[in-house]
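S.K.: Below: one structure in structure tokens.
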There are 2 protein chains.
Amino acid sequence: MAEYILPLERLIEQFRRLPGIGQKTAVRLAFSLLDYTADEAKAFADAIIGAKEQIHSCKICHNIADGDICQVCADERRDRSTICVVEDARAVLSLERVREYNGVYHVLGGVISPMSGIGPDKLNIASLLSRLDGSVREVIIATNPTVEGEATAMYLTKKIKALGVGVSRLAYGIPVGSDLEYADEVTLMRALEGRRSM
Amino acid sequence: MAEYILPLERLIEQFRRLPGIGQKTAVRLAFSLLDYTADEAKAFADAIIGAKEQIHSCKICHNIADGDICQVCADERRDRSTICVVEDARAVLSLERVREYNGVYHVLGGVISPMSGIGPDKLNIASLLSRLDGSVREVIIATNPTVEGEATAMYLTKKIKALGVGVSRLAYGIPVGSDLEYADEVTLMRALEGRRSM
């Protein structure tokens, strides 16, 4: 017989596409779904479709949002004079978890990476600069402490300073070479407190 | 802001339910889906629904099937006088991969486990015994070498022998390619007991 019947093969293939999921794990996950009731399977499928249909990019900061603007931008208590620039929406969640930062965000959607053909024009940089209309006092750059993250921070610093807005960078409390998502809350808090003007 | 917006939270929850997927992995998988196009997300959702709708239990052996009977039972070249009894459909796939066995299968759907309230009546045992109508020469019991798998094998052996059909059990021994040093005592004892003259 063929290795897997077609509907199973399709499901395995879908799991296989996910990051960090190899063939064996994909097979295990696919088989576990066969034990789901029809309702449970439908709930899973609906969650996937729902996430895609209902999650948008915030019109102001490009964070993930279930409406036109994200929960941070919609929150009237947030301090709009400080913008924290991050690579992606996951970094926003990591920073929110600290409960220390009260400003707003700007999600770049990546970092400048000439090797991968990602120039400044492919990132949400123009929209960031257009937000610096005089009401913003400080931009905190919180790109990841990687080579590309640093290069992006340097690029942004130059652009933002030219507009007369203060720029700071998260302190090196974050272990170099790692990812914001995996930093613990205390480390992230120290990094926020120890930010230095650039 | 709340930890995650609702559609994302729902998706994370669904990934979290899968075996071996913890909170961090679930979040990573959910975020990776946000990068899918609408078509890709639909393909994933369809694969889940499709697997549930199109995969049935074989009417003869309870293996997974995309029709009424599975690919093994449908294959005319298979030897119907030998039935290999396994716990689940994944074991069928493991054995098929060997390309050595030419008989048919019977999937029990689990093992006898009084601790979990699973008695012989909850397994596909009646349908196995009803297949032993004189045309079957041998039943190979290939339940897993666990306490429950052994108990189930003992139970089946008694029932099948009573019908005058030959019963055998997969050999125990040292896995090929491993080292005696790392084999546990019970495995070594079984390997000694099962030694074959050369």
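S.K.: Checking A:Q54 against (1) closer than 27 Å to B:L18 by Cβ; (2) out of contact with any Pro (no Cβ under 9 Å at 6 or more places or on another chain); (3) of a type outside the set (S, T, Y), which single condition isn't satisfied?
M.R.: (2)
S.K.: Could you grab me the full set of residues in region A:102-129 that are under 19 Å from B:I5 (Cα atoms), assigned to a loop (DSSP other than H, G, I, E, B) and not small (G, A, S)?
M.R.: Result: A:N102, single match.
S.K.: Pull up region A:56-67, narrow it to residues that are in contact with a helix residue (DSSP H, G or I) (Cβ under 6 Å, 6 or more places away or on another chain) and open to solvent by less than 20 Å² (accessible area, probe 1.4 Å), then point me to the one that is farthest from the other protein chains (Cβ to nearest Cβ). Don't jump to the end; show me each part of the working.
M.R.: Taking region A:56-67 and keeping what is in contact with a helix residue (DSSP H, G or I) (Cβ under 6 Å, 6 or more places away or on another chain), we get A:58, A:60-61, A:63-64, A:66.
Now drop any that are not open to solvent by less than 20 Å² (accessible area, probe 1.4 Å), which leaves A:58, A:61, A:63.
Working: A:C58: 11, A:C61: 12, A:N63: 9 Å.
Here the answer is A:C61.
S.K.: Any residue in region B:182-197 that is under 9 Å from B:Y172 (Cβ atoms) sitting within a Cβ distance under 7 Å of a residue that is of a type in the set (V, I, T)? List the pairs, counting only those 6 or more apart or interchain.
M.R.: B:T187/B:I174; B:A191/B:I174
S.K.: Regarding B:L163, is this residue open to solvent by less than 70 Å² (accessible area, probe 1.4 Å) and not aromatic (F, W, Y)?
M.R.: On the way: open to solvent by less than 70 Å² (accessible area, probe 1.4 Å): no; not aromatic (F, W, Y): yes.
Here the answer is no, as B:L163 does not meet what is asked.
S.K.: Which residue out of B:A38, B:A65 is free of Cβ contacts under 8 Å to residues at least 24 places away in the same chain and more than 21 Å from A:K24 (Cα to Cα)? Break it down stepwise before answering.
M.R.: On the way: B:A65 fails: more than 21 Å from A:K24 (Cα to Cα).
After ruling out the rest, the residue left standing is B:A38.
S.K.: Just need a number here: residues in region A:92-108 that are buried (at least 24 other Cβ atoms within 10 Å of the Cβ) and within 13 Å of another protein chain (Cβ to nearest Cβ).
M.R.: Looking only at that region, the number is 4.
S.K.: Now for a different question. Closer than 22 Å to B:A38 by Cα, touching a strand residue (DSSP E or B) at 6+ places or on another chain (Cβ under 8 Å) and among the small types (G, A, S): which single residue out of A:G50, A:G110 fits that description?
M.R.: A:G110
S.K.: Same structure, new question: Take B:C84 and decide whether it is within 19 Å of the chain's Cα centre (by Cα), of a type outside the set (D, E), crowded, with 19+ Cβ neighbours inside 10 Å and part of a loop (DSSP other than H, G, I, E, B). Before you say what the answer is, go through the steps one by one.
M.R.: Numbers: within 19 Å of the chain's Cα centre (by Cα): yes; of a type outside the set (D, E): yes; crowded, with 19+ Cβ neighbours inside 10 Å: yes; part of a loop (DSSP other than H, G, I, E, B): no.
When the stated conditions are applied, B:C84 does not pass them.
S.K.: Further question on the same structure: Please enumerate the residues belonging to region A:1-39 that are among the polar types (S, T, N, Q) and at the interface with chain B (Cβ under 8 Å from one of its Cβ atoms). Spell out how you get there, then give the answer.
M.R.: First, pick out the residues of region A:1-39 that are among the polar types (S, T, N, Q): A:14, A:23, A:25, A:32, A:37.
Across region A:1-39, the qualifying residues are A:Q14, A:T25, A:S32.
S.K.: Still on this structure, please answer the following. Only one of (1) within 14 Å of another protein chain (Cβ to nearest Cβ); (2) loosely packed, with under 15 Cβ neighbours inside 10 Å; (3) among the acidic types (D, E) is not met by B:D184, so which one is it?
M.R.: Status for B:D184: all satisfied but (1).
S.K.: Got at least one residue in region A:75-86 being within 8 Å of another protein chain (Cβ to nearest Cβ) and modelled with pLDDT under 95? If you could, list the steps in order and put the result at the bottom.
M.R.: Applying the first criterion (within 8 Å of another protein chain (Cβ to nearest Cβ)) to region A:75-86 yields A:75.
Adding the requirement that they be modelled with pLDDT under 95 leaves A:75.
Yes, there is a match, as at least one residue in region A:75-86 is within 8 Å of another protein chain (Cβ to nearest Cβ) and modelled with pLDDT under 95.
S.K.: Here's a follow-up. Do we find a residue being buried (at least 21 other Cβ atoms within 10 Å of the Cβ), facing chain B (nearest Cβ under 7 Å) and not hydrophobic (A, V, I, L, M, F, W, C) anywhere in region A:40-55?
M.R.: Checked region A:40-55: at least one residue is buried (at least 21 other Cβ atoms within 10 Å of the Cβ), facing chain B (nearest Cβ under 7 Å) and not hydrophobic (A, V, I, L, M, F, W, C).
S.K.: On to the next question. Which condition number in (1) over 24 Å from B:S32 (Cα atoms); (2) over 20 Å from the mean Cα position of the chain (by Cα); (3) not in a loop (DSSP other than H, G, I, E, B) is the one that A:A153 fails?
M.R.: It is condition (2) that A:A153 fails.
The values are calculated or read from the model by the stated rules, or taken from the named source; none is laboratory data. Values in this document were obtained by computation on a predicted structure and should not be read as measured data. Every residue, glycine as well, gets a Cβ built from its backbone with ideal geometry; the counts of neighbours run over all protein chains shown. SASA here: full protein model, heavy atoms, side chains in, ligands and nucleic acids out. Shrake-Rupley method; radii C 1.70, N 1.55, O 1.52, S 1.80 Å.
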